Amino acid sequence: TARVRQPDGGARNRLALAIHHRAGVLEVVTPITGFAGYAGALVLHLDTTSADQEVAKNRQLTWLVSLLVALISVLAGSIISRRITASVAELSQAADHMAKGRLDVRIGHTGGDELGRLAGAFNAMAASVQQSRSEVEAYSRNLEQRVEQRTAELQTAKDEADRANRAKSQFLANM
């Protein structure tokens, strides 16, 4: 390929600087002018084989590093995805157990991240529900005992009222 630049910024009557690169050689041709006009041309030939090899080597290294970074990214993404998925699955399973009445289920995930805070909140909620259920069951048992006790007291009072009623009836019959 050749790139041509006019030394004076574009005048058409002057000679141009020409740069050519092909087959490992860079050729630069520039006109030499003096007071009398065109005096000749300066031609430089530079061997670019080693530079071309270095560019090719760097290109290969860039592809290799890019591939390695892509593989590491995929691996890291997979590990992070599995970790999140496992934590969410554990939370889902614990919620299913709670819905079926197993209030002793707790989530083992701990940490300062969002999933750790969610697991902590779930565990606190489960403990609160379990405590509330225990209190309701204890109150229910206490209520049953109190109902039985009051029923027994009422039965005793009824029996005494019946005895008093019979005694009164017998007293009135004897009069």
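Details
- Expressed as a whole percent, the accessible surface of the chain that belongs to carbon and sulfur atoms is 59, based on a 1.4 Å probe.
- Helix-only [θ]222 nm of the chain, DSSP H runs n ≥ 4, -39500 (n - 2.57) each, per residue, nearest 500: -24000 deg cm²/dmol
- Electrostatic bookkeeping for Glu90 treats Lys and Arg as +1 and Asp and Glu as -1; over the other residues with beta carbon under 13 Å from its beta carbon, the sum is +2.
- Expressed as a fraction of 2.2 N^0.38 Å, the C-alpha radius of gyration for segment 84-155 is 1.67.
- Tail beyond 23 Å, pair distance distribution of the chain (Cα, percent): 76 percent
- Total formal charge among the other residues, if their Cβ is under 14 angstrom from that of Ala126, Lys/Arg +1 and Asp/Glu -1: +1
- Cα-based helix-to-principal-axis angle, 114-174 vs the chain, degrees rounded to 10: 10 degrees
- Each Lys or Arg adds one and each Asp or Glu subtracts one; over the other residues with Cβ under 11 Å from the Cβ of Val25, this totals -2.
- The chain: angle of helix 49-99 to the longest principal axis, Cα-based, in degrees nearest 10: 10 degrees
- Met98 contributes about 30 Å² of solvent-accessible surface, heavy atoms of the protein only, 1.4 Å probe.
The values are calculated or read from the model by the stated rules, or taken from the named source; none is laboratory data. Please read these numbers as outputs of a predicted model, since none were measured by experiment. Here the Cβ is made from the backbone with ideal geometry for all residues, glycine too, and neighbour counts use every protein chain on show. Surface areas here come from the heavy atoms of the whole protein model, side chains and all, with no ligands, DNA or RNA. Shrake-Rupley method; radii C 1.70, N 1.55, O 1.52, S 1.80 Å.
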